[in-house]
Amino acid sequence: MERRLSAIAVYCGSSPGADPVFADVARQLGTLLAQRRVELVYGGGHVGLMGTVADAVLAGGGSVHGVITRALEAKEVAHTQLTSLQVVSTMHERKSAMADRADAFCMLPGGFGTFDEFFEAVTWTQLGIHAKPCGVLNVGGFYDPLVELLDAATRERFLLPAHRDMVLVASDPEAMVDRLSSWVPLVVDKWLDRAQR
């Protein structure tokens, strides 16, 4: 069943990365969001893949809502041309504000901050804090090792198969947005009972 996504939070690097394909796919995703009239919610920066995806949405006539901390804004990394920019005090507030505004989450290549923000959103879906789809845009095989890790965690019974399947994976933006749109919330308890352990 297709669901109408009004806003997607995108987590990605504040660096463009070594391979030009990362920026190409970020640009494609931004263009697609503008075409589908899905608001981009992101970390508010103008640098790296963050800036690339935001600029592509804006160039396509779409809406971009940035959320940035005062400390990062003071370092002049804030994007000043956004539809709206929300300045908050802490990283915790930033993550909460982005999660509240978005109805889906997508991770592009990035580093520690990208991983942290995305997996917090995944965990909140797993725990039932929200019921929102989470997808990994696996550009050029960048996240192949992560997919292998999730599969290993499932085999070793740290993740239930249904929870592993919550992390949607696609290699191109259109497939990713389609998968996020067709996601059906799980009704699986996070906790294993004694017999399942």
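For segment 88-197, what does the equivalent ellipsoid look like in terms of its semi-axes, each the square root of 5 times an eigenvalue of the Cα gyration tensor, given largest first in whole Å?
22, 18, 14
Going toward the positive end of the dipole of segment 12-136, with +1 on Lys and Arg Cβ and -1 on Asp and Glu Cβ, which of Pro20, Ala131, Val47 do you reach last?
Of the options given, the answer is Ala131.
Hand me the GluC sites (Glu not before Pro) from segment 8-96 located in a DSSP loop with no more than 15 other Cβ atoms within 10 Å, in residue order please.
Within segment 8-96, the qualifying GluC sites (Glu not before Pro) (loop, at most 15 other Cβ atoms within 10 Å) are Glu76.
About the Cα centre, and with charges only on the beta carbon of Lys, Arg (+1) and Asp, Glu (-1), how big is the dipole of segment 1-68? Nearest 20 debye, please.
Dipole magnitude for segment 1-68 comes out near 260 debye.
Divide by every residue of the chain the summed helix terms, -39500 (n - 2.57) for each DSSP H run of at least 4, and state the resulting mean residue ellipticity at 222 nm, rounded to the nearest 500 deg cm²/dmol.
On the way: 8 runs with 85 residues, N = 197.
Theoretical 222 nm ellipticity from helices: -13000 deg cm²/dmol.
Of Gly30, Phe158, Val177, which is farthest towards the positive pole of the chain's charge dipole, taken about the Cα centre with +1 and -1 on the beta-carbons of Lys, Arg and Asp, Glu respectively?
Phe158
Just how large is the dipole of segment 12-184 about the Cα centre, in debye to the nearest 20, putting +1 at every Lys and Arg Cβ and -1 at every Asp and Glu Cβ?
340
All of the numbers you see were taken from the coordinates with simple rules; none came from a lab. Note that this is a predicted model, so its numbers are computed, not measured. When we count neighbours, we look across all protein chains shown, and the Cβ atoms used for this are built from the backbone with ideal geometry, even at glycine.
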